[in-house]
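The next block holds one structure in the form of structure tokens; read it before the comments.
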Ligand code: AMP
């Protein structure tokens, strides 16, 4: 069934109010479109949690820096609608920038905590843009749950923190990263890769996996991370960061005390920035 597309807040509210009257729950999957199997997996998971599923598609200008790819970010409304028709999505919320940020809009949410460091060191405005638009989406759609991918792990942690800190009345559900058969995390930005870069791209996941295995086996985390960064450099990547963090707070690790760990990395292949991460079992648990 082709999902209905709504572009104004009035239309959106009339649909969600009718669901509420009929006592039907709904979940939200926020996206920037150019959908792939990773996004569709989030929709399938949303379906397990609620009677109705809303997918928002909004390329949020507020989370792009001035030198970033806002203008060339892939947009494919017809293709997205066709893909969503295959996964039982009820509604596509597709506001334009003027609907989301009308003239006079002047409020920003600036998260700290999990938003410190990592992405913020390279994209200082990114999480303020994400937190502000997520807060608006949660208020507009009023879902009982929203689904976010672990692929953008820091974003998932920041959104969980946002919901907790502002007492927003919804659950945040994390979904595992969907990968290509060679391990590359699916991403709308993978289409920027040249055929040659596409062959190199899975090395990011491979190096994360090797470093994780080495840390789990009890090797020094600083050495494991340095080796992975070196190997990525040799393969042709420019590494922004590759680092081990506390999986919940994203705080840097001083001592391994059995806490859940996450290895997070971002690296460039020429003009394309790839992001990935992997869970690491605390060494004493292996
Ligand atoms: P985006 O459209 O890139 O902003 O992503 C929208 C949502 O889809 C975010 O919660 C992402 O973490 C999630 N997502 C993107 N790629 C993947 C993937 N390969 N596997 C799982 N979730 C993903």
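The values are calculated or read from the model by the stated rules, or taken from the named source; none is laboratory data. Keep in mind it's a predicted model, so treat the numbers as computed, not measured. Glycine gets a Cβ as well: all are built from the backbone with ideal geometry, and neighbour counts include every protein chain shown.
When 40, 35 are screened for being within 14 Å of the chain's Cα centre (by Cα), within 13 Å of the ligand (Cβ to nearest atom), in a loop (DSSP other than H, G, I, E, B) and at negative phi, only 35 passes. When each of 70, 45 is tested for being outside any loop (DSSP other than H, G, I, E, B) and more than 9 Å from the ligand (Cβ to nearest atom), the lone residue that passes is 45. Of all the numbered requirements in (1) more than 16 Å from the chain's Cα centre (by Cα); (2) under 30 Å from residue 244 (Cβ atoms); (3) modelled with pLDDT of 95 or more, residue 136 misses one, and that requirement is (2). Among the numbered conditions (1) more than 14 Å from the ligand (Cβ to nearest atom); (2) in contact with a helix residue (DSSP H, G or I) (Cβ under 6 Å, 6 or more places away or on another chain); (3) part of a helix (DSSP H, G or I), the only one that residue 139 does not meet is (2).
Here residue 79 passes the criteria (1) within 14 Å of the ligand (Cβ to nearest atom); (2) touching a residue at least 40 places away in the same chain (Cβ under 8 Å); (3) outside any helix (DSSP H, G or I); (4) surrounded by fewer than 19 Cβ atoms within 10 Å (Cβ to Cβ) except the one numbered (3).
Considering region 248-267 alone, what residues qualify as being surrounded by 20 or more Cβ atoms within 10 Å (Cβ to Cβ) and within 18 Å of the chain's Cα centre (by Cα)? Correct list: 250, 262, 263, 264, 265, 266, 267. Restricted to region 145-232, the set of helices (runs of 4 or more DSSP H) holding at least 2 residues that are away from the ligand (no atom under 16 Å from the Cβ), surrounded by fewer than 19 Cβ atoms within 10 Å (Cβ to Cβ) and in the same structural domain as residue 115 (by TED's automatic domain parsing) comprises 153-165.
Inside region 1-12, residues that are assigned to a helix (DSSP H, G or I) and in contact (Cβ under 8 Å) with a residue 12 or more places away in the chain make up a count of 2. Considering only region 82-111, state which residues are assigned to a loop (DSSP other than H, G, I, E, B) and surrounded by 14 or more Cβ atoms within 10 Å (Cβ to Cβ). If the condition is that a residue be assigned to a loop (DSSP other than H, G, I, E, B) and surrounded by 14 or more Cβ atoms within 10 Å (Cβ to Cβ), then 87, 88, 89, 90, 94, 95, 101, 109, 111 are the ones that fit.
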